[in-house]
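Written out below as structure tokens is the structure these notes cover.
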Amino acid sequence: MTQNIYISGAEPGSGKSLTVLAFMEILSGFGERIGFFRPVIRSDRQPDQLTRLITERYGLEQPAEAMAGCTAEVARELLSADRYSELLKIILAKYRQLDAQCDRIVCAGTDYSGGYAALEPGFNTDVANNLGCLFVPVVNGRKRDNTAIQDAASGFLKSLQSDNCDILATVINNVAPDQLDALRAGLARKLSGDAPVYVVPYDAALASPTLLDIVEQLDARVIHGAPETLKRVVRSYKVAAMQIPDFLDHLTEGSLVITPGDRADIILASFMSYPSTAYPQIAGLLLSGDQPPAGQLEALLNGLEQPPFAVLSVPSDTFNTAMDASRVSASLAADDEHKIATALGLVETGIDQQSLRQLLDTRRSNRVTPLMFEYELIQRAKAQVQHIVLPEGSEERILRAAEILSLRGVVRLTLLGNIEAIRQKILALGLRLDDVDIIDPEQSDLRVQYAESYHCLREHKGILPEMAFDTLSDVSYFGTMMVYHGHADGMVSGSVHTTQHTIRPAFEIIRTRPDTAIVSSVFLMCLEDHVLVYGDCAVNPDPNAQQLADIAISSAETAGMFGIEPRVAMLSYSTGVSGKGEAVEKVREAARLAQAMRPDLKVEGPIQYDAAVDARVAGTKLPDSEVAGNATVFIFPDLNTGNNTYKAVQRSSGAVAIGPVLQGLNKPVNDLSRGCTVTDIVNTVAITAIQAQAVKEST
């Protein structure tokens, strides 16, 4: 995965766009494929201004829709329906599509205004964390003394740290030149840490909007004026309600004159003032009330060969027009070379580009959020579609999960059960499951073949042909036999059946791999920013040392299958050589056996949980261990400890527990909790598909 950057302002008018431009400029010198992404844009009916600037200036090849997660309208609809997680998934999916085409991506967060207001606060940090980006907060220093700036920066950084953001650097924009030195000194004392703080000076030319900004942000109509007149900078606003003599006395250089559209006298006076050296040159006219000038005046203006400034029109009244105009923020246009050069010049004085380049080369975010992990599961399953059988075909949660899996093309599915009853349930729920096969084990032509196979496999246990035929009416046995014969690649069950009902047929029919002594299970524990593997928490009540070693090796292999570097902690109530007793000795022997069987694995045991996860504790108890403080795979000494621990962590930390994932079988069969959600089923099916892929790759 590439290491990408998420830039977000702490407040409106922070100068985020300027920082985005600066980072794009720096990264463009790396000789890599650079991408740009916005999680939410105002509308898909008109181009996003910042996206257009970046695309045109840096020659990006991706279409605008590929650089946006969704529109503000879609975001608001999902938020109002309490579907925040789905919003994040949509953004993540679009981002990953772009990520596959780029070496680095610069993401620009949302604004604290307009259609984005409902998303704040916290939205940008959630998005950055789930995209796995390094965060660059931008703080506005305009019209603040140094103490206020430091407090604003410190407060924003604390909120980001509480959200566990990986901060690359902080940028403070729009600082008065006479405050720079003292501010940098104060920041060095107050915000000391690994992430540098860059201070960029203020320039009035960059802070002032252009007429084009007025047009785009107020959705104004251009009545008169060539395109180049829209580049004029608006330095002030003048509401014209006076008579002509007084009006002229109030004109200032670069002012935008706001007046009702029926004030022909103000319009004419404005045009007459322009060529006159006695009065300042205005930036343009903004007519309120959606009232076009009188026909005669229109004809007069149309007769001008080259209007000296633009005339704009909006439907709002004069008061609201003035208020709206005053809130328009300055932006950068790709063809405004003067403004861009000014902006980059300012940034280069405030940002140490050499140190920033080094940071970009060395800093990496290892964050894996539950959303990221679930997304990767789906994508990996889709990469090589497998056939999964779901024996509990009439269960509502199974059917809803099947629809999601089918519509997203994750797997090919077969449901088991009474065909007519399942179809009626699908119809009643209003689901689309046209591509899903349905088989009734009692009526299937495969039942005879499967019964013969089962009789052969279990004849030594006294199973007669008639008994085998009766057994194959059971959906769990029928589904397991589909996997055994290669008619399906894996099976998932347990939403209404017990664990015993799900896994017993697998033990009898599919059996364990030749290199595995015991079937065991793990839970994939998705914590806030990383994923751990817990085993065995569901199958074996009290494994002996050899079985515990086998569980450790299987769990490490499962971790590697899902992109988790295995560092195995064999857990006990004692760490290292300090403890004595039968339970500790079992774990010590299991660790020794695991290391002997797989010397390539990093295994530590016996070790207490705190020493396995906390680097400070590890430094005291096992300072030379490669696992202590950094463990990713946790092997519990017995089922009682493992099951209680995973549930305690799940409930107290809000972790997403995916599993149990069975390991050690020749082909994948996985069990669901009877309290599982639709999302749990989707994830378990995806995991089963990935296991099936691994089985095929190994044969």
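Sorting Tyr484, Tyr375, Tyr450 by accessible area (1.4 Å probe), largest first, what list results? Numbers along the way, then the final one.
On the way: Tyr484 90, Tyr375 30, Tyr450 0 Å².
The most accessible residue leads, giving Tyr484, Tyr375, Tyr450.
Can you give the net charge of the other residues whose Cβ lies under 11 Å from the Cβ of Leu218, counting K and R as +1 and D and E as -1?
After counting each charged neighbour, the total is -2.
So for the chain, taking the charge dipole from beta-carbon charges (+1 Lys/Arg, -1 Asp/Glu), which of Ser444, Cys676, Ser653 sits furthest toward the positive end?
Ser653
Given a 1.4 Å probe and heavy atoms of the protein chains only, how would you sort Ser255, Ser316, largest accessible area at the top?
The residues order as Ser316, Ser255, largest area first.
Going highest first, how would you order 153-162, 646-655 by mean Cβ packing within 10 Å?
153-162, 646-655
Of the GluC sites (Glu not before Pro) in segment 272-339, which ones lie in a loop per DSSP and count no more than 14 other C-beta atoms within 10 Å? Walk me through the numbers before you get to the answer.
Working: sites: Glu298, Glu305, Glu337; in loops: Glu305.
Here the GluC sites (Glu not before Pro) that fit, given the DSSP loop and packing criteria, are Glu305.
Give the lysines whose C-alpha is closer than 22 Å to that of Lys382, dropping any in the same chain fewer than 8 places away, or say none.
Within the straight-line cut-off, Lys382 pairs with Lys89, Lys94, Lys667, Lys696.
Cβ under 12 Å from Ile422's Cβ, Ile422 left aside: what net charge do those residues give with Lys, Arg +1 and Asp, Glu -1?
It works out to a net charge of -4.
Could you state the accessible area per residue of segment 506-636 in Å², with a 1.4 Å probe and every protein chain left in place?
Per residue, segment 506-636 has 41 Å² of solvent-accessible surface.
Could you size up the charge dipole of segment 329-460 around its Cα centre, putting +1 on the beta carbon of Lys and Arg and -1 on that of Asp and Glu, and report it in debye to the nearest 20?
Values: 16 positive and 21 negative charges, 70 e Å.
Computed charge dipole of segment 329-460: roughly 340 debye.
Of all the accessible heavy-atom surface of the chain, with the other protein chains kept in place and a 1.4 Å probe, what percent is carbon and sulfur?
50 percent
On a 0 to 90 degree scale, rounded to 10, what angle separates helix 146-162 from the longest Cα axis of the chain?
Between the helix axis and the principal axis of the chain, the angle is about 20 degrees.
Under a straight-distance cross-link criterion of Cα-Cα below 21 Å, which lysines are reachable from Lys231, leaving out those fewer than 8 residues away in the same chain?
Lys16, Lys339
Are there GluC sites (Glu not before Pro) in segment 1-107 that DSSP puts in a loop and that have at most 12 other Cβ atoms within 10 Å, and which ones?
Qualifying residues, ordered by number: Glu32, Glu61.
Add -39500 (n - 2.57) for each DSSP H run of 4 or more in the chain, then divide by its residues: what number comes out at 222 nm, to the nearest 500 deg cm²/dmol? Mind showing how you got there, number by number?
On the way: 28 runs with 309 residues, N = 699.
Here the helix-only value at 222 nm equals -13500 deg cm²/dmol.
Mind grabbing the accessible area of Arg674 for me, 1.4 Å probe, Å², rounded to tens?
Counting only protein heavy atoms, the figure is 140 Å².
For segment 384-455, which trypsin sites (Lys or Arg not before Pro) are in a loop by DSSP, counting at most 16 other Cβ atoms within 10 Å?
On the way: sites: Arg397, Arg400, Arg408, Arg412, Arg423, Lys425, Arg432, Arg447; in loops: Arg408, Arg432.
Here the trypsin sites (Lys or Arg not before Pro) that fit, given the DSSP loop and packing criteria, are Arg408, Arg432.
For Lys621, which aspartates and glutamates qualify as cross-link partners when the Cα separation must be under 13 Å and same-chain residues fewer than eight apart are set aside?
The reachable aspartates and glutamates, counting only those whose Cα sits under 13 Å from Lys621, are Glu604, Asp610.
The values are calculated or read from the model by the stated rules, or taken from the named source; none is laboratory data. As the structure is a computational prediction, the values presented were derived from the model and not from experiment. Quick reminder, even Gly has a Cβ in these numbers, built from the backbone with ideal geometry, and neighbours come from all protein chains shown. Each accessible area value is taken on the protein alone, full model and side chains, heavy atoms only, with ligands, DNA and RNA left out. Shrake-Rupley method; radii C 1.70, N 1.55, O 1.52, S 1.80 Å.
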